[in-house]
Amino acid sequence: MKDLITDENVLQVLRGYNRWWDTGQINDDFAKPIKRFAYFDAKKSFEHQTIRRHVILTGPRRVGKSTIMYQTINDLLTSNVPSKNILYVSFDHPLLKMSEIDRIIKVYTHNVALGENIYLFLDEIQYAHEWSGWLKTIYDNNPSFRVMATGSASPVLNDKMPESGVGRWVQIQIPTLSFYEYLELRRIDTPVLNENIKPTSLSAMSVPELHDFMGKLQPLEKHFHRYLLIGGFPEIAQSDDVSYGQRIIREDVVDKVLKRDMVSLFKVRHIDELERIFLYLCMTTGNIIEATTISNHMDITRPTALKYLEFLELANLIYTSYPVDMSGKKVLKAKPKVYLADAAIRNAVLLQGEEVLQDADQMGMIVESAVYKHVHTFYYNYNPKVGYFRDSSSQKEIDFVVMMPNAKILIEIKYREHPRIKENEAIVEWSKREGTAASLLITKNGDDYGLLDHAPIMRIPAFAFLYLLGHAEKHRSKRTV
């Protein structure tokens, strides 16, 4: 088949993708005006003047990795970089998938490029043959080349990173939209807040200040439930058709990973087993998952169950949260909790519409997944580890513990009417101990906020917590550019 592909064929496909070679500009439908937090992280690494690194964007399908590429291309065009020195390649295209990266670059440099300062944008690079070796070669032999690549299938990327990528490329994870980004994308009016405000700042406010502050956030609450139903994927978040959006999530996100990526990249043969495990995880998100339990219920071996769980995490469909040792930074590997990469995935797979909003138990699971994703994303590139705590003797738990070098933040979810925190609960005990920087209780109702009477724990509604965390992340990202 490769013998039938000519250089002319390759060049023709490349011209179709790279219209700016002739027009000098990029279509607004590709380089969208609103920039995600990850755009700023990618921009910093891609344009760094003294530390040259290839940039690889990873994350679930449909989260906007290609959009960040196009926005970066637009930046280059508006900075007067010659349009013919910018090459975009999609390895989703069957002809390009069959071609070596080396050949594609040669066709491009021999027929289009002007000079040596070249910018390469390689989309879905995991489908390219021997991609890691070619990226190493490009880095080592072409110091004037800058490369940005995307990959939805992190198993391949993570597997190749140690052998070729150290000192040559950085990997930036692109999660689904935060609640803050969702509101921004939907062009919802939001309050102007101090750039330094964050969820842990609320405990320093007086009661009147806190009432005034929460009053500013109150109008955002009505948008929160829709975000939980469908809000994590940029294209879908802009639609008002919830049922159709959920269908797209099932087909374009879940099915393509389970039935395409897993088969073509990881040689998974029994897709039905993988689908059953993923359905089970959707139904039990936020619970402790044991491979032995999965094995017994689904008639598969324990090693197979463990392998599938690893694949699903590296394919960016789930997160795993491990128990932490509260006495130090040790992360315990036994009995992880599993959270979906986005709360909307659960609703889409289980065919749940707005009726789920009235189910207190399920909403608790959905909100806990959303909180974990936001906290995990916020701390992803930093030293803190995010896990959960369970006392081995009493079995009392704290939902999330952020372990920092010299302190920890405790987070408990009580997404229900009139939640009560008893004196003997784990978060009460640990909130009073030395080394705890902040303790937060995530509540349901917009008027359920303020410090508890019997413990230094700040109650904050879920919508406000997620919004403030996103607000802090955005201003942190902008300051790094």
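The values are calculated or read from the model by the stated rules, or taken from the named source; none is laboratory data. Model, not experiment: these values are computed from the prediction. Counting neighbours? That spans all protein chains shown, and the Cβs are built from the backbone with ideal geometry, glycine included.
Values for this structure:
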read-out: The stretch 1-31: number of residues that are surrounded by 17 or more Cβ atoms within 10 Å (Cβ to Cβ) and under 23 Å from residue 59 (Cα atoms); value: 1
read-out: Top-ranked residue in the stretch 375-396 [being in a strand (DSSP E or B) and modelled with pLDDT of 90 or more; ranked as farthest from residue 469 (Cα to Cα)]; value: 390
read-out: Near pairs, Cβ below 7 angstrom, 6+ apart or cross-chain, from the stretch 1-12 (more than 12 Å from residue 100 (Cα to Cα)) to any residue that is at pLDDT 95 or above and not hydrophobic (A, V, I, L, M, F, W, C); value: 11/111
read-out: Residue within the stretch 84-101 that is surrounded by fewer than 20 Cβ atoms within 10 Å (Cβ to Cβ), modelled with pLDDT of 95 or more and over 31 Å from the mean Cα position of the chain (by Cα) present; value: yes
read-out: Flag for residue 46 being under 24 Å from residue 261 (Cα atoms) and buried (at least 16 other Cβ atoms within 10 Å of the Cβ); value: no
read-out: Options 86, 56; residue that is touching a residue at least 60 places away in the same chain (Cβ under 8 Å) and under 26 Å from residue 255 (Cβ atoms); value: 56
read-out: Meets criteria (surrounded by 21 or more Cβ atoms within 10 Å (Cβ to Cβ) and of a type in the set (Lys, Arg)) for residue 408; value: yes
read-out: Residue within the stretch 331-340 that is of a type in the set (Val, Ile, Thr) and farther than 30 Å from residue 242 by Cβ present; value: yes
read-out: Matching residues in the stretch 405-425 - criterion: being among the hydrophobic types (A, V, I, L, M, F, W, C), over 29 Å from the mean Cα position of the chain (by Cα) and either on the phi > 0 side of the Ramachandran plot or at pLDDT 95 or above (or both); value: none
read-out: Looking only at the stretch 457-481, and only at residues there that are at pLDDT below 90 and outside any helix (DSSP H, G or I), the one that is farthest from residue 72 (Cα to Cα); value: 480
read-out: Within the stretch 165-174, tally of residues that are touching a strand residue (DSSP E or B) at 6+ places or on another chain (Cβ under 8 Å) and part of a loop (DSSP other than H, G, I, E, B); value: 2
read-out: Residue 62 vs. criteria in contact with a Ser or Thr (Cβ under 7 Å, 6 or more places away or on another chain), touching a residue at least 60 places away in the same chain (Cβ under 8 Å) and over 23 Å from residue 20 (Cα atoms); value: no
read-out: Listing of helices (runs of 4 or more DSSP H) fully contained in the stretch 268-341 that carry 1 or more residues being of a type in the set (Gly, Ala, Ser), more than 23 Å from residue 364 (Cα to Cα) and in contact with a Ser or Thr (Cβ under 7 Å, 6 or more places away or on another chain); value: 291-298, 302-314
read-out: Any chance residue 181 is under 18 Å from the mean Cα position of the chain (by Cα), in a helix (DSSP H, G or I) and closer than 18 Å to residue 475 by Cα; value: yes
read-out: Test: residue in the stretch 175-184 that is farther than 30 Å from residue 341 by Cβ and β-branched (Val, Ile, Thr); value: no
read-out: Count - residues of the stretch 1-58 that are in a loop (DSSP other than H, G, I, E, B), basic (Lys, Arg) and under 25 Å from residue 237 (Cβ atoms); value: 3
read-out: Tally, over the stretch 208-258, of residues that are more than 18 Å from residue 351 (Cβ to Cβ) and at pLDDT 90 or above; value: 24
read-out: Entirely in the stretch 63-124, the helices (runs of 4 or more DSSP H) that have 2 or more residues that are more than 30 Å from residue 177 (Cβ to Cβ), assigned by TED's automatic domain parsing to the domain that holds residue 53 and among the hydroxyl-bearing types (Ser, Thr, Tyr); value: 101-111
read-out: Meets criteria (without any contact (Cβ under 8 Å) to a residue 40 or more places away in the chain, β-branched (Val, Ile, Thr) and exposed (fewer than 13 other Cβ atoms within 10 Å of the Cβ)) for residue 207; value: no
read-out: Residue check, residue 422 out of contact with any Lys or Arg (no Cβ under 9 Å at 6 or more places or on another chain) and among the basic types (Lys, Arg); value: yes
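Quick grid of which residues meet (1) without any contact (Cβ under 8 Å) to a residue 12 or more places away in the chain; (2) assigned to a helix (DSSP H, G or I); (3) closer than 27 Å to residue 319 by Cα; (4) among the basic types (Lys, Arg):
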site: 176; (1), (2), (3), (4): no, no, yes, no
site: 188; (1), (2), (3), (4): no, no, no, no
site: 195; (1), (2), (3), (4): no, no, no, no
site: 214; (1), (2), (3), (4): no, yes, no, no
site: 229; (1), (2), (3), (4): no, yes, yes, no
site: 232; (1), (2), (3), (4): no, no, yes, no
site: 239; (1), (2), (3), (4): yes, no, yes, no
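Conditions (1) basic (Lys, Arg); (2) buried (at least 18 other Cβ atoms within 10 Å of the Cβ); (3) more than 16 Å from the chain's Cα centre (by Cα); (4) over 30 Å from residue 475 (Cα atoms), marked per residue:
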| position | (1), (2), (3), (4) |
| --- | --- |
| 353 | no, no, yes, yes |
| 358 | no, no, yes, yes |
| 369 | no, yes, no, no |
| 378 | no, yes, no, no |
| 395 | no, no, yes, yes |
| 399 | no, yes, yes, no |
